[in-house]
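**Q** The structure under discussion is supplied below as structure tokens; questions concerning it will follow.
The values are calculated or read from the model by the stated rules, or taken from the named source; none is laboratory data. Because the structure is predicted, anything quoted here is derived from the model rather than measured. Glycine gets a Cβ as well: all are built from the backbone with ideal geometry, and neighbour counts include every protein chain shown. We work out accessible area using only protein heavy atoms, side chains counted, and drop any ligands, DNA or RNA first. Shrake-Rupley method; radii C 1.70, N 1.55, O 1.52, S 1.80 Å.
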2 protein chains.
Amino acid sequence: MKQAFVRARRPEHKQQRREAILAAARDLAAESGMRTVSLGSVATAVGLAKSNVVRYFGTREEIYLELAAEGWTAWGAEVAERLRDASGQDETVAALTETLAGRPLFCDLLSHTATTLEHNISVPAARAFKRVVLGVLGDLAGDVAHAHGGLTEREGFEVAAAATALAGTFYPIANPSPALAQLYAEDPDLAAACPEFLPTLKRALSALAAGLPTLR
Amino acid sequence: MKQAFVRARRPEHKQQRREAILAAARDLAAESGMRTVSLGSVATAVGLAKSNVVRYFGTREEIYLELAAEGWTAWGAEVAERLRDASGQDETVAALTETLAGRPLFCDLLSHTATTLEHNISVPAARAFKRVVLGVLGDLAGDVAHAHGGLTEREGFEVAAAATALAGTFYPIANPSPALAQLYAEDPDLAAACPEFLPTLKRALSALAAGLPTLR
């Protein structure tokens, strides 16, 4: 296998290397969160020099932005599938949120998108990513509106977007840092105030979906 | 002034140094966002060695967590003041959100709290911060419920917490990175999809406040 990495002149070899880099970055982030993974550690894991990795992805942020785009596409497909059999607010919210709870790496990447992943990237990388996100949300808008039964398509778009925004907000709160984990172990009253991911996400998204039509 | 920084053995001098460090960190973050500010640049700005700064704040994150706590206290006080004259959902939401729009540094810090500021800190620093946040939200809960007129105190707490969580979510989206700013200049259709801070925050919080009572 290593042999294949020495030269990558043919397109299929280049694609292979890109995939290997993405796989290594995915595994490292799954272990300890994207926050702690450096470009150097991705290079080491995949057995390439850092200078070689940046030929495929200009920066660490571009690698994770690509994984975030993959996450958006896969999540959108699963939600669309689940919405086909969904009816009413509870099932619509369940389809949007349980699929996020099942994707911790995607939620981790959502929590870092605007503050980190959209920085230190090229304009073409930013464009490709934004088009994926808007494409997924645009495709889901009508499905969400139809399954919910009480929303316009614009409101369906907003609810789908809010699901991912809120997931990015609640994920790092519900998965506290080592310092906070120790604090919660010492102070049960503070631990009780730390929201659980899925119930909090469902409650906030349900309230939002129920409230949007009152603003028309 | 520099002279005063050579020795700081008396408590008022120590307090002076802490304040000088916080002021420098505040100014640097206000210029370009907290994201790009290192402990070294804070030390340089305040005219101290890095080894000296860490005697006052163990890490860069602890400095900004302290500024975030100051932000919470100041925001909470202003909201409480505005809620005294507020009545109904629109005025309640205006009090909670316009006070956030007027505090860009606080919103920047909110956007980094769970993903960055709560990492790489001591347990006592984490405890002090969490107690400030829960104290402010606890104090606002009843005021929000009373001004809104249709919420329980628990729901008032949730709406106040959601205001800050959503501000942390929307702020970095509404203030795009250089790469995204260039992309938006080139692609007006993508720029149109980028939400404005205050209208988006108001709409989401209004929907949430209107929807929460339907979940009882």
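**Q** Given (1) farther than 27 Å from residue B:134 by Cα; (2) surrounded by 19 or more Cβ atoms within 10 Å (Cβ to Cβ); (3) within 19 Å of the chain's Cα centre (by Cα), where does residue B:31 come up short, assuming only one miss?
**A** Looking at each condition in turn, residue B:31 falls short on (2).
**Q** Looking at A:189, A:108 in this structure, which one is part of a helix (DSSP H, G or I), under 19 Å from residue B:118 (Cα atoms), at pLDDT below 95 and not hydroxyl-bearing (Ser, Thr, Tyr)?
**A** One residue alone meets the criteria, A:189.
**Q** I would also like to ask the following. Checking the structure you have, find out if any residue of the stretch B:115-133 is part of a helix (DSSP H, G or I), within 8 Å of another protein chain (Cβ to nearest Cβ), under 24 Å from residue A:35 (Cβ atoms) and among the small types (Gly, Ala, Ser).
**A** yes
**Q** For a quick check of your reading of the model, give me the residue pairs whose first member lies in the stretch B:65-91 and is over 18 Å from residue B:130 (Cβ atoms), whose second is open to solvent by less than 20 Å² (accessible area, probe 1.4 Å) and of a type in the set (S, T, N, Q), with beta-carbon atoms closer than 6 Å and at least 6 apart or on different chains.
**A** Final answer for the pair search is B:78/B:99; B:79/B:99; B:86/B:92.
**Q** So for the stretch B:124-139 (the condition being open to solvent by less than 50 Å² (accessible area, probe 1.4 Å), in contact (Cβ under 8 Å) with a residue 12 or more places away in the chain, in contact with a helix residue (DSSP H, G or I) (Cβ under 9 Å, 6 or more places away or on another chain) and more than 21 Å from residue A:191 (Cβ to Cβ)), does at least one residue qualify?
**A** No, the stretch B:124-139 contains no residue that is open to solvent by less than 50 Å² (accessible area, probe 1.4 Å), in contact (Cβ under 8 Å) with a residue 12 or more places away in the chain, in contact with a helix residue (DSSP H, G or I) (Cβ under 9 Å, 6 or more places away or on another chain) and more than 21 Å from residue A:191 (Cβ to Cβ).
**Q** Hey, can you tell me all the residues within the stretch A:34-72 that are among the β-branched types (Val, Ile, Thr), open to solvent by 40 Å² or more (accessible area, probe 1.4 Å) and over 21 Å from the mean Cα position of the chain (by Cα)?
**A** A:44, A:54
**Q** Restricting to the stretch A:183-204, give me the number of residues that are touching a residue at least 12 places away in the same chain (Cβ under 8 Å) and either open to solvent by 20 Å² or more (accessible area, probe 1.4 Å) or at the interface with chain B (Cβ under 9 Å from one of its Cβ atoms) (or both).
**A** Counting residues in the stretch A:183-204 that are touching a residue at least 12 places away in the same chain (Cβ under 8 Å) and either open to solvent by 20 Å² or more (accessible area, probe 1.4 Å) or at the interface with chain B (Cβ under 9 Å from one of its Cβ atoms) (or both) gives 8.
**Q** Mind checking which residues of the stretch A:141-160 are within 12 Å of chain B (Cβ to nearest Cβ), open to solvent by 30 Å² or more (accessible area, probe 1.4 Å) and in a helix (DSSP H, G or I)?
**A** Scanning the stretch A:141-160 gives A:154, A:157, A:158.
**Q** Could you tell me how many of the residues in the stretch B:91-120 are surrounded by 22 or more Cβ atoms within 10 Å (Cβ to Cβ) and farther than 22 Å from residue B:30 by Cα?
**A** Residues meeting the conditions: 3.
**Q** While we're looking at this one, here's another question. Select, from A:180, A:166, the only residue that is in a helix (DSSP H, G or I), within 8 Å of chain B (Cβ to nearest Cβ) and more than 20 Å from residue B:173 (Cβ to Cβ).
**A** Selected residue: A:180, the only one of A:180, A:166 that is in a helix (DSSP H, G or I), within 8 Å of chain B (Cβ to nearest Cβ) and more than 20 Å from residue B:173 (Cβ to Cβ).
**Q** With the checklist (1) among the polar types (S, T, N, Q); (2) within 9 Å of chain B (Cβ to nearest Cβ); (3) touching a Phe, Trp or Tyr at 6+ places or on another chain (Cβ under 9 Å) in hand, flag the one item residue A:99 doesn't pass.
**A** In the conditions (1) among the polar types (S, T, N, Q); (2) within 9 Å of chain B (Cβ to nearest Cβ); (3) touching a Phe, Trp or Tyr at 6+ places or on another chain (Cβ under 9 Å), residue A:99 misses (2) alone.
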